[in-house]
């Protein structure tokens, strides 16, 4: 009896998960509208003799169009050990893709909006993993897994955060 009840419970749980997964039906259209929040990102640089860790905070507002394009703005604060932190505004453009599971990827290009913060050339490109979730798909978890600078040099950037609609 106990074994049959456990088996029934297991089937109910598995059946519920399968039904829920099918009902979700995510795609790039699942991500539409303005999402705001912050990301904590870090990068470690070494010149062979000195290693330096940078802590970066991105306060971000992004608008997803539901068709795989994203644009917005970020205010980025960089903390360099032994120096005063500085903040710069950036414009953000890019593309994204969301799979049926609600997981996806994005390529985000950040270009300084203030000439005092750097050249407004091609910008820094970040690679991100995305997870759409929350009630009525209002939460977006973001994980940064690398990037490139304007010259194409790979940047050892990692981090994560959450945006909300």
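Structural remarks
- Any chance residue 135 is loosely packed, with under 15 Cβ neighbours inside 10 Å and touching a helix residue (DSSP H, G or I) at 6+ places or on another chain (Cβ under 7 Å): no
- Residue check for residue 82: at pLDDT below 95 and in contact with a helix residue (DSSP H, G or I) (Cβ under 7 Å, 6 or more places away or on another chain): no
- Set 124, 142: member being over 13 Å from the mean Cα position of the chain (by Cα), modelled with pLDDT of 90 or more and surrounded by 15 or more Cβ atoms within 10 Å (Cβ to Cβ): 124
- Residues of segment 33-61 that turn out to be closer than 22 Å to residue 84 by Cα and either outside any strand (DSSP E or B) or at pLDDT below 90 (or both), as a count: 10
- Restricting 131, 160, 106 to those that are in contact (Cβ under 8 Å) with a residue 24 or more places away in the chain and either more than 21 Å from residue 43 (Cα to Cα) or part of a loop (DSSP other than H, G, I, E, B) (or both) reduces the list to 131.
The values are calculated or read from the model by the stated rules, or taken from the named source; none is laboratory data. The shown structure was predicted, so the numbers you read here are calculated from the model rather than taken from an experiment. Note that we place each Cβ from the backbone using ideal geometry, even for glycine, and neighbour counts take in every protein chain shown.
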